[in-house]
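Read the structure below first, then the notes.
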Amino acid sequence: MRNRELLTTGEAAVLLRSSRAHVVDLCLRGLLPYVTMNQQRRIRRCDVEALIQPGMTREQLETLWLHRAVAGRFVRDPRAVMAAAAINLRRLRRMHPEGRSWDWLDRWDAVLDQGPEAVLDALTSSAAYAVELRGTSPFAGILAEEEREKVLAAFVESRHDQARPMRPEKFERVLRSV
């Protein structure tokens, strides 16, 4: 992840047209992913923009939540998760010997080859490439059914706290001001 893609909580607040405290609250509730750098929160611009103008369907958001849970598992045991993903990729290639899905399976191979940071980014990003990539995920079976149900229940609960969508012209004006 490049530093220019990361925003401070203050910059995110300007984009969201909210207070810095509200952005911190979104981070602490898990509604806005962040990383800590020099003891300060940094938030990916694409994640902030996704709150402003949600570009994902309900199904894509649900998949994002499930993959963020997989990312937690990945952080605890990257070798096991990578091995399971590689096995699943081979199985998917056997199931789909040709066609459009091979393109996505090749992309997953490339992500896995790039290492842990690339895998975590693909699992947790709101960027368009990651959303599409997760549509053919090799991470099936990583979460136990009980964990999966808990993640989906948390997702349903979080839908009550969504930020209001902004009209496109306001969205463009806010982006130009930052």
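If the condition is being β-branched (Val, Ile, Thr), part of a loop (DSSP other than H, G, I, E, B) and surrounded by fewer than 18 Cβ atoms within 10 Å (Cβ to Cβ), then the stretch 105-163 contributes no residue at all. Test residue 49 against the stated conditions and say whether it is under 20 Å from residue 126 (Cα atoms), touching a helix residue (DSSP H, G or I) at 6+ places or on another chain (Cβ under 6 Å) and in contact (Cβ under 8 Å) with a residue 12 or more places away in the chain. Judged against the criteria, residue 49 is not a match.
Among the residues making up the stretch 39-61, those that are at pLDDT below 90, assigned to a loop (DSSP other than H, G, I, E, B) and open to solvent by 60 Å² or more (accessible area, probe 1.4 Å) are 53, 54, 55, 57. Quick one: would you say residue 89 is on the phi < 0 side of the Ramachandran plot, outside any helix (DSSP H, G or I) and at pLDDT below 95? The answer is no for residue 89.
The values are calculated or read from the model by the stated rules, or taken from the named source; none is laboratory data. Since we're looking at a predicted model, the values are computed, not measured. Glycine gets a Cβ as well: all are built from the backbone with ideal geometry, and neighbour counts include every protein chain shown. Each accessible area value is taken on the protein alone, full model and side chains, heavy atoms only, with ligands, DNA and RNA left out. Shrake-Rupley method; radii C 1.70, N 1.55, O 1.52, S 1.80 Å.
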